[in-house]
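What follows is a single structure, written as structure tokens, with notes after it.
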Amino acid sequence: CIGVDHTKPQQSQQTTMSLPSSPVTGAFTGIQWDPMQKLRLTQPEKLLLRSGEANPIDYTLNNAEESTAYVKVVLKVLAEASGASGPSSKVSHLKGMLPDDEALQILYTDPMGVVTHYAITKLYDIIVCLKEKKMGGDVSIGATFYNEDDGNLLDEWRPLLRVLHLGGSGDAFAQRGAAYCLAHILMAGCPSQRFATNRSLKINHASVMEPLQALISWITSQLQSSASSSLSLVTPTLTALMICPEARSMFANSGGIGYLSRHLRNGTKGSKTGSGATVQQLYELCFCLWTLTYECNSSAMIRTAFVRDNAVHALVDLVSSAPREKVVRVALS
């Protein structure tokens with residue numbers, strides 16, 4: 001494996017994942033904040049949420065102070081709605097999109113499940129909007145999610161990690177969205193990503209290392225399963241994380257190259273049996289493995305992992321199994 005310029009993965013992966021709509025999207029317009037006492041919202045917080053619904057998201061995130069205030073309220077909603085009792089009783093089990101009338105009915109039988117999905121959707125919209133703002137501007141993910149005084153990551157981030165570890169069967173929509181949002185929030189605090197943040201902004205990079213390791217540990221725990229459903233939870237987030245050298249190193253140190261190689265081998269078998277990863281997932285797994293080669297020149301551990309885990313053999317077998325052209329292209333690269 002030959003490492004090359006680190007800027008190439010960053011430039012080649014600027015597209016944003018499209019988060020599938022929540023099954024209860026049709027219920028969002030029916031949410032009334034006043035009766036939901038469990039959320040413990042103050043009157044100013046309710047007004048801020050209503051303002052966010054009435055105006056375009058770009059207007060709501062007009063400056064760093066207002067952006068941070070809105071983010072804190074949405075994260076509070078997520079914290080109070082998701083709680084510590086595990087997945088919601090009804091919403092977490094839904095698979096397909098509900099008609100508006102059925103979604104509104106769910107709002108009355110499982111209001112906290114609907115509100116959890118609402119908060120995840122809003123956070124995703126916030127991340128997408130902030131990513132599209134002018135690079136190095138005053139309003140950014142870094143300026144929004146990190147304290148202005150000490151540069152530490154906002155304490156309010158923690159509900160995102162709790163959503164990832166919901167018990168039972170989990171909540172696929174909430175977990176996929178929470179992981180993706182958390183990845184972008186944490187990457188904004190990594191030294192290698194300073195180019196995307198206003199350089200006058202002080203960020204305490206040490207404050208993101210533990211949360212980033214926790215996110216990667218959750219990803220590797222999902223990769224231990226060969227099920228396509230587990231892959232669908234993590235591949236969009238992992239693909240986003242792999243533009244970040246700090247995340248690449250952490251993932252490799254957590255056995256990531258071995259997990260990717262195993263899934264690619266299973267994908268080769270799956271092409272014959274109809275099981276295993278989808279074509280899009282194989283493409284994303286190959287992309288992640290490719291980005292990890294950028295660390296080969298600087299890390300003996302990663303070079304050893306590529307050999308020990310037969311990563312190249314897994315790619316050769318994948319190409320030999322004749323998957324779709326886009327998978328072959330990234331595998332060959």
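The values are calculated or read from the model by the stated rules, or taken from the named source; none is laboratory data. These numbers come from a predicted model, not from an experiment. Neighbour counts run over all protein chains shown; Cβ positions are idealised from the backbone, glycine included. For the accessible areas, the whole protein counts, side chains as well, though only heavy atoms, and no ligand, DNA or RNA atoms are used. Shrake-Rupley method; radii C 1.70, N 1.55, O 1.52, S 1.80 Å.
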Round to the nearest 10 and give me the degree value, 0 to 90, for the angle of helix 64-82's Cα axis relative to the longest principal axis of the chain. 90
Sparsely packed trypsin sites (Lys or Arg not before Pro) within region 175-240, loop by DSSP, other Cβ within 10 Å at most 10: R199
In region 32-111, which trypsin sites (Lys or Arg not before Pro) are in a loop and have at most 10 other Cβ atoms within 10 Å, using DSSP for the loop call? K95
Relative to the longest principal Cα axis of the chain, at what angle does helix 228-241 sit, 0 to 90 degrees, rounded to 10? 90
Which loop-located trypsin sites (Lys or Arg not before Pro) does region 99-139 contain, where loop means any DSSP state but H, G, I, E or B and the Cβ has at most 14 other Cβ atoms within 10 Å? K134
Give, rounded to the nearest 20 debye, the magnitude of the charge dipole that the chain has about its Cα centre when Lys and Arg contribute +1 at Cβ and Asp and Glu contribute -1 at Cβ. 1020
Sorting V319, V307, V234 on solvent-accessible surface, 1.4 Å probe, most exposed first, gives V307, V319, V234
Can you quote the Å³ per residue value for the convex hull of the Cα atoms in region 48-165, rounded to an integer? 122
Show that you can apply the helix-only estimate: for the chain, add -39,500 (n - 2.57) for every DSSP H stretch of four or more residues, divide by all residues, and state [θ] at 222 nm to the nearest 500. -18500 deg cm²/dmol
Rounded to the nearest 10 Å², what accessible area does E295 have for a 1.4 Å probe in the complete protein model? 10
Across 10 Å bins from the origin, how do the percents of Cα pairs in region 102-166 run, short distances first? 17, 37, 29, 13, 3
0 to 90° range, to nearest 10: angle between helix 172-187 axis and the chain longest Cα axis: 80
Residue pairs, from the table K95/K131; K38/K133; K72/K95, whose Cα atoms sit over 32 Å apart: K38/K133
May I ask you to give the solvent-accessible area per residue for the chain, in square angstrom, as obtained with a 1.4 angstrom probe? 45
For the chain, what is the largest minus smallest coordinate of the Cα atoms on each principal axis, given in angstrom and ordered from greatest to least? 59, 49, 31
